[in-house]
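Student: Got a structure for you, questions after.
The values are calculated or read from the model by the stated rules, or taken from the named source; none is laboratory data. Since this is a predicted model, take the numbers as computed values, not measurements. We place every Cβ from the backbone using ideal geometry, glycine too, and count neighbours over all the protein chains shown.
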Amino acid sequence: MHPTHHLGVLFDRRRWTLVDTTTHDETRLGSTHKPTLEVRLRPAGGGEILRVLVVHLKAGGEHVEIRALQHQALARIIAYRRERTIVLGDFNATSDADRASLAALARRTSLVWASEDLACSAFWSRDDGCFRTRLDHVLMWRAPATVEAAGGCATHGCGWEASCPTYAEQVSDHCPVVVTLD
């Protein structure tokens, strides 16, 4: 996929059967940006397919326009199949403009922006301290029962600090976003 980043989906083979995987290059925008990974799963006992789309959109506060174009490309990928769909990953949503574009993506695709109210999902280590931001998001075919940013975000909170917690250096600068269905 990309030399330094890989997209993937972990799933419990006791509960799910892999139907297929696809890589969508539309979010690359003809450049070196990352593709979208599609993984289609079927419940182990049979039933409706669940479509999982994983993204890692362009990083950097100055790249809002590129991410907006990636959101448009993602809308076309989402429309490609009409199955139960979850879109998740690092949207690098660093600004209000990113959030407005995400809201528009949710409206355009009729998906629920499950992670909209998260206070933070990542630690951003900068020269002036550790900024907590909402980079990671989940959009899905129906409303979740619960949504939380676990890991370091749950234990360290979302307030600005002089430095990032050990979690960010030893585990990940992104906290796991956990979405549950009833």
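Student: Within the set of pairs 6+ apart or on separate chains, which have a first residue in the range 156-170 that is under 10 Å from F123 (Cα atoms), a second that is among the small types (G, A, S) and part of a loop (DSSP other than H, G, I, E, B), and C-beta atoms under 7 Å apart?
Tutor: Matching pairs, first to second residue: C158/A119; Y167/G151.
Student: Looking only at the range 148-170, which residues are within 20 Å of V55 (Cα to Cα), among the hydrophobic types (A, V, I, L, M, F, W, C) and surrounded by fewer than 19 Cβ atoms within 10 Å (Cβ to Cβ)?
Tutor: A150 - this is the single residue of the range 148-170 that is within 20 Å of V55 (Cα to Cα), among the hydrophobic types (A, V, I, L, M, F, W, C) and surrounded by fewer than 19 Cβ atoms within 10 Å (Cβ to Cβ).
Student: Here's a check for you: in the range 42-76, which residue that is part of a strand (DSSP E or B) and under 21 Å from W113 (Cα atoms) is farthest from the chain's Cα centre (by Cα)? Spell out how you get there, then give the answer.
Tutor: Within the range 42-76, the first condition is being part of a strand (DSSP E or B), and the residues that meet it are 42-43, 50-56.
If we keep only those that are under 21 Å from W113 (Cα atoms) too, we end up with 50-56.
Values: L50: 16, R51: 14, V52: 10, L53: 9, V54: 6, V55: 6, H56: 7 Å.
Of everything passing the filter in the range 42-76, L50 is farthest from the chain's Cα centre (by Cα).
Student: Could you say whether any residue in the range 28-35 is surrounded by 15 or more Cβ atoms within 10 Å (Cβ to Cβ), of a type in the set (K, R) and in a loop (DSSP other than H, G, I, E, B)?
Tutor: yes
Student: Right, another one. Which ones in the range 50-86 are surrounded by fewer than 21 Cβ atoms within 10 Å (Cβ to Cβ), among the basic types (K, R) and within 23 Å of F11 (Cβ to Cβ)?
Tutor: Once the filter is applied, which keeps residues that are surrounded by fewer than 21 Cβ atoms within 10 Å (Cβ to Cβ), among the basic types (K, R) and within 23 Å of F11 (Cβ to Cβ), the range 50-86 yields R81, R82, R84.
Student: Assuming V19 fulfils every condition listed in (1) out of contact with any helix residue (DSSP H, G or I) (no Cβ under 9 Å at 6 or more places or on another chain); (2) among the β-branched types (V, I, T); (3) under 15 Å from V87 (Cα atoms) apart from one, which condition is it?
Tutor: (3)
Student: Take the residues in the range 87-103 that are surrounded by fewer than 20 Cβ atoms within 10 Å (Cβ to Cβ) and of a type in the set (A, V, I, L, M); name whichever of them is nearest to G60 (Cα to Cα).
Tutor: For the range 87-103, the residue satisfying everything is A97.
Student: Continuing with this model, one more query. Select from the range 91-131 the residues that are at pLDDT 95 or above and aromatic (F, W, Y) and write down the one among them that is nearest to D173 (Cα to Cα).
Tutor: Among those that are at pLDDT 95 or above and aromatic (F, W, Y), it is F91.
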